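Q: Would you mind keeping the following structure in view while I ask a few things?
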Amino acid sequence: MSHKISSLEQYREVYQKSVQQPEAFWSSIAESFEWEKRWDNVLKWNFISPEVKWFSNGKLNITENCLDRHLVLDSDKTAIIWEPNGINEPTRKLSYKELAEEVNKFSNVLRDLGAEKGDRICLYMPMVPELTIAVLACARIGAIHSVVFAGFSAQSLGDRINDAGCKILITADGLFRGSKTVNLKAIADEALELTSVIKSVVVFKRTGEDVPMLPSRDYWWGDLMEDASIEAAPEIMDSEDPLFILYTSGSTGKPKGVVHSTAGYMIYAYYTFLNVFQYESEDIFWCTADVGWITGHTYIIYGPLLNGATTVMFEGVPNFPDAGRFWAIIDKLQVTKFYTAPTAIRSLMAAGTDFVNPYKLSSLKVIGSVGEPINEEAWHWYDEHIGKKRCPIVDTWWQTETGGIMIAPIAHVTPTKPTFATLPLPGVQPILVDSEGNELKENDVEGLLCMKFPWPGIIRTTYGDHERCRQNYFTTFPGLYFTGDGCRRDKDGYYRIIGRVDDVMNVSGHRLGTAEVENAIDEHKNVIESAVVGFPHEIKGQGIFAFVITESLIGDITQFENEIRDLVSKIISPIAKPDKIVVVPGLPKTRSGKIMRRILRKIAEGDTSNLGDITTLLDPGVVDEIIQLIQIKK
Ligand code: 7RM
């Protein structure tokens, strides 16, 4: 039976059923998978502990559903089309059969290195097919993968390895990104100095540069794969066994490891991919995210492969060798469904249509957006110049914690509206509440976005710290999952996401905590204290504004700023570098010592006309001083 919704009327019916009989609804989807053993119980849950269990005691392996299942009829179908960073290197294609064989081989390699069910394995890799192969091999042997985006620093990598207690690290000699190469192994080696949990390191050769290899710890991918068998029995997993950990930033402290389960995530990735993009077997689907983020996990790897789709994996960046690269690839590979982020759209929009016009984009049928609110101007540019007004824009709202898309149009089914993520997918029960937690039942309201019922892809815990998961998502409004986003519901019941209401910033679609960046800045020997806020940025969506108090007078301000940026790059990642840094004599604090970010946000926005009530400040005078300093700087 097809689970693909094909009309608005049908959407309304299915949605009703999914709310009235969620168990029947989700089990009818679960039926279409390969199970080693059927589940006993569809759903057990409470949002207080919290505890959510989908398909209890079901036994399965997700890779049988991603790979083996398709080998019967579709073994020669292309699973992955890989487009390299450089334009002179050839495209690589892997059929389902080839991918399955590589996954099996690498599963055997991992088992030979001593990996067992439940072990954590860290992946710090370029965007090459071997990253997908490694992800799936982990899943096949029941190891929990923790992919760390290859733009993160040694410190961040080391922290994540330690937090999850990873036994094996899979990396590469280096990576190509635009005109740059990055020596990944050198960064990995630096991270390995910060940890003692890693027993083996597998190094994939990508750039061919010379890298040091530590005997009896470091192995070349190619050497290990040489004699590996192409058969590997899948480990039988329980529905609720963890499938992966993915670190994401929160409003406090270090990034937390979001844990996803096997069966629930699988069903949710499958269903949302199928419906939102209206998957058809001849599709060439391209999601431009990096596998290091949740979007890459769900819509480059799991969603497409569970559906037997052809998925494109691109190693490079949107503006290399020029701002026409995305459009050139769509033309070359005849991409039918394209999924990218507003920040990329805005930067390519700024480059102009001269970079679009040389390419035929007539293969496109659906274009998508994810990661941050899409502004009106970017929406219309995307619609006119890329979709040529023929392709629905699916503006998809979701989070690392939700596993898959939650609120989005179903392509060709849900009428779209610029900047609106539109309606909840079947099984998704959003509610808006005011700051006291009262439900806003009417339409044409603005409030805080929560979920009142579990969906199969929901976060299960934060690794090693369930209390943090509870605190973060389930205590603000008891009985609800709180997303951290502000949201408007218009007169038609359409949802428009406004953005984070907590101390999480969204810089070029990357999630960063203000506290994380402040902690990095505070490592500078001349910094006493800092406060970081996001501010509207034309391309990035949000930029980072840092207010810092120094111990002594700064001589060379440019040098000081460079030191701060280098420090943040080194401790977190270049993506976390502040755009603006201003040295201030003090910070606006309440009498109890809390920084009033609301005021700093206004100042950073350049909107100082209405700062609201500042009488509760310990020293209201500091506000004027900061405003003047910024004016001098301009
Ligand atoms: C998939 C992803 C999650 C945060 C989320 C929002 C923002 C994501 C949209 C969006 C407006 C969208 N995961 N966000 N999608 N805001 N419209 N379509 O991005 O964990 O990295 O970020 O991103 O604030 O809470 S994430």
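Q: Return the total of residues in segment 265-300 being touching a Lys or Arg at 6+ places or on another chain (Cβ under 8 Å), assigned to a helix (DSSP H, G or I) and not aliphatic (A, V, I, L, M).
A: 1
Q: Select, from 80, 62, 48, 5, the only residue that is within 30 Å of residue 288 (Cβ to Cβ), out of contact with any strand residue (DSSP E or B) (no Cβ under 9 Å at 6 or more places or on another chain) and among the β-branched types (Val, Ile, Thr).
A: 5
Q: Here are 173, 227, 241, 223: which of them is surrounded by 23 or more Cβ atoms within 10 Å (Cβ to Cβ), closer than 26 Å to residue 103 by Cβ and of a type in the set (Asp, Glu)?
A: On inspection, the qualifying residue turns out to be 173.
Q: Within the bounds of segment 404-413, is there any residue that is touching a residue at least 12 places away in the same chain (Cβ under 8 Å) and either more than 15 Å from the ligand (Cβ to nearest atom) or more than 24 Å from the chain's Cα centre (by Cα) (or both)?
A: yes
Q: Here is a follow-up. Among the strands (runs of 3 or more DSSP E) lying completely within segment 506-581, list those that include at least 3 residues that are away from the ligand (no atom under 16 Å from the Cβ) and at negative phi.
A: It comes to 527-537, 541-550.
Q: From 53, 105, 59, grab the single residue that is buried (at least 17 other Cβ atoms within 10 Å of the Cβ), at pLDDT 95 or above and touching a helix residue (DSSP H, G or I) at 6+ places or on another chain (Cβ under 6 Å).
A: 105 is the lone residue from the list that is buried (at least 17 other Cβ atoms within 10 Å of the Cβ), at pLDDT 95 or above and touching a helix residue (DSSP H, G or I) at 6+ places or on another chain (Cβ under 6 Å).
Q: Is it fair to say residue 458 is out of contact with any Pro (no Cβ under 8 Å at 6 or more places or on another chain), farther than 30 Å from residue 347 by Cα and buried (at least 20 other Cβ atoms within 10 Å of the Cβ)?
A: Yes, satisfied.
Q: Next question, about the same structure. Restricting to segment 89-112, count the residues that are in a loop (DSSP other than H, G, I, E, B) and either among the β-branched types (Val, Ile, Thr) or touching a Phe, Trp or Tyr at 6+ places or on another chain (Cβ under 8 Å) (or both).
A: The qualifying residues number 1.
Q: Okay, next question. Based on what the data block shows, is residue 84 closer than 30 Å to residue 333 by Cβ and surrounded by fewer than 16 Cβ atoms within 10 Å (Cβ to Cβ)?
A: no
Q: Please give the helices (runs of 4 or more DSSP H) falling wholly within segment 302-369 in which 2 or more residues are in contact with a Cys (Cβ under 6 Å, 6 or more places away or on another chain).
A: 303-306
Q: So, residue 461, is that one away from the ligand (no atom under 15 Å from the Cβ), of a type in the set (Ser, Thr, Tyr) and over 30 Å from residue 559 (Cβ atoms) or not?
A: In short, yes.
Q: From 558, 590, grab the single residue that is in contact with a strand residue (DSSP E or B) (Cβ under 7 Å, 6 or more places away or on another chain), surrounded by fewer than 18 Cβ atoms within 10 Å (Cβ to Cβ) and of a type outside the set (Gly, Ala, Ser).
A: One residue alone meets the criteria, 590.
Q: Could you tell me whether segment 365-372 includes any residue that is within 21 Å of the chain's Cα centre (by Cα), free of Cβ contacts under 8 Å to residues at least 40 places away in the same chain and within 15 Å of the ligand (Cβ to nearest atom)?
A: Yes: segment 365-372 contains one or more residues that are within 21 Å of the chain's Cα centre (by Cα), free of Cβ contacts under 8 Å to residues at least 40 places away in the same chain and within 15 Å of the ligand (Cβ to nearest atom).
Q: Can you report the number of residues in segment 473-505 which are within 12 Å of the ligand (Cβ to nearest atom), outside any strand (DSSP E or B) and either of a type in the set (Gly, Ala, Ser) or closer than 16 Å to residue 253 by Cβ (or both)?
A: Of the residues in segment 473-505, 2 are within 12 Å of the ligand (Cβ to nearest atom), outside any strand (DSSP E or B) and either of a type in the set (Gly, Ala, Ser) or closer than 16 Å to residue 253 by Cβ (or both).
Table: residues versus (1) assigned to a loop (DSSP other than H, G, I, E, B); (2) charged (D, E, K, R).
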| position | (1), (2) |
| --- | --- |
| 394 | no, no |
| 419 | yes, no |
| 431 | no, no |
| 442 | yes, yes |
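The values are calculated or read from the model by the stated rules, or taken from the named source; none is laboratory data. Just so we're clear, the structure is a prediction, and the values are computed from it rather than from any experiment. Reconstructed Cβ throughout: ideal geometry from the backbone, glycine too, with neighbour counts over all protein chains shown.
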